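Everything below concerns the one structure shown next.
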Amino acid sequence: MSTALINLVRNGGHQVRRRALLTSRLLQDDKRAAAICPSSTSVRRTSRFDLDGSGRPATWDSFGIWDNRIDEPILLPPSIKYGKPIPKVSLSKVGCASHIGKRKENEDRFDYAQLTDEVLYFAVYDGHGGVAVADFCHKHMQGFIQGFLTEEQNMELVLMKAFLEIDKAYARHAQLSADATLLNAGTTATVALLRDGIELVVASVGDSRALLCRKGKAMKLTIDHTPERKDEKERIKKTGGFIVWNSLGQPHVNGRLAMTRSIGDLDLKKYGVIAEPETKRVQLHHASDSFLVLTTDGINFMVNSQEICDFVSQCHDPTEAAHLVTEQAIQYGTEDNSTAIVVPFGAWGKYKNSEVNFSFSRSFTSSGRWA
């Protein structure tokens, strides 16, 4: 089987390679099924060419192929490893947008890169108290992750170590600086690693978010770190911190910070504001998974997860989608910096909600950090 796959890759265009590979595998599966289950005149045997028993042949879409929506070649080694066709996810197809809103400065940062032959990196950082920590993460996070990838296969542990080490590195940097404001600066961090086009791992601190659109529905990959969470509030109180609600009814750690985990915020470290991320691992199903979206809170407070999923699903390409998401947040009233990264997967363009309404008549009760 491996020899056949290699020959296909060497001898033709990727459209031909994909179809030949699938046809070969499906014929083999049908032959094995026929040997095990004799045909019956009274019960139709459903083959993988006839998934629903309707008599209609399955389309290439049924198997997670990109179906010309975003045309990419099949990754051969991962496809052999996982036993199914896995399309390449190209950085050239990734969409991104960042808008300053009504702030004096855009403290959001975003990044994406190929870290190794197998691993892609995507990240958003939402700075507060200045851009110092967001800039520091933007500049150094890749290096920390690459270093840990050389010694650790578990990407959840890689991200855990990278977050903790970059926080320590920033502390050393701030303490050596004559600028005292660096001690009060911080940032959220939501980072996603994609290995072999199929293994997705996300780590996050703060209230930036990641979501996966699966079969047209939003699948949240992160949970905000805020004082509303009982576990987070208890940690803050146990370490001597306290929660204060402002005039808008928003809780803040020691009256200063709206989140309970971040990178930086050195003055609050002793009060339970930690840099340890929560992580999530997902195996992609390219037949069902349309895209990954990373967003900062300028979007999250105004547009809920399913709305983001619906808006992106209507777009022709990820760049258009990223701009649309930030623009919708602005139309809905955000004043904060707004940043979005959209990463397309195999089912891009496959699931669309015809009922999406791009208007001002919407419910604000479902928006914000609880969405």
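Computed quantities for the displayed model
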{"read-out": "Full-stretch length increase - residue 246, residue 146 - with 0.36 nm per residue and alpha-carbon distance subtracted", "value": "31.9 nm"}
{"read-out": "Rounded, prolate or oblate (a/c below 1.5 giving rounded, otherwise prolate when a/b exceeds b/c) for the range 91-366 by Cα gyration tensor", "value": "oblate"}
{"read-out": "Dipole magnitude of the range 91-366 about its Cα centre (Cβ charges: Lys, Arg +1; Asp, Glu -1), debye to nearest 20", "value": "600"}
{"read-out": "Ordering of 118-130, 79-91 by burial proxy (mean other Cβ atoms within 10 Å per residue, highest first)", "value": "118-130, 79-91"}
{"read-out": "Cβ-defined net charge surrounding residue 136, 13 Å radius [Lys, Arg +1; Asp, Glu -1]", "value": "-3"}
{"read-out": "Protection-proxy order for peptides 233-239, 303-309, each taking the mean of Cβ atoms within 10 Å per residue, highest first", "value": "303-309, 233-239"}
{"read-out": "Candidate lysines for bridging to residue 352, where Cα separation is under 22 Å - those fewer than 8 sequence places away on the same chain excluded", "value": "93, 215, 217, 220"}
{"read-out": "Distance histogram for the range 124-281 (every C-alpha pair counted, 10 angstrom bins, percent rounded to whole numbers)", "value": "11, 38, 34, 14, 2, 0"}
{"read-out": "Residues residue 283 and residue 173, FRET efficiency given R0 of 56 Å [Cβ-Cβ distance, rounded to 0.05]", "value": "0.90"}
{"read-out": "Global geometry of the range 84-199, whether rounded, prolate or oblate, following the gyration tensor of its Cα atoms and the 1.5 cut on a/c", "value": "oblate"}
{"read-out": "Filtered trypsin sites (Lys or Arg not before Pro), the range 124-219: DSSP coil and at most 16 other beta carbons within 10 Å", "value": "215"}
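FYI, it's all coordinate maths here, none of it is from the lab. For clarity, every value in this text was computed on a predicted model and none was experimentally measured. Neighbour counts are summed over all protein chains in view; Cβ atoms, including those assigned to glycine, are modelled from backbone coordinates with ideal geometry.
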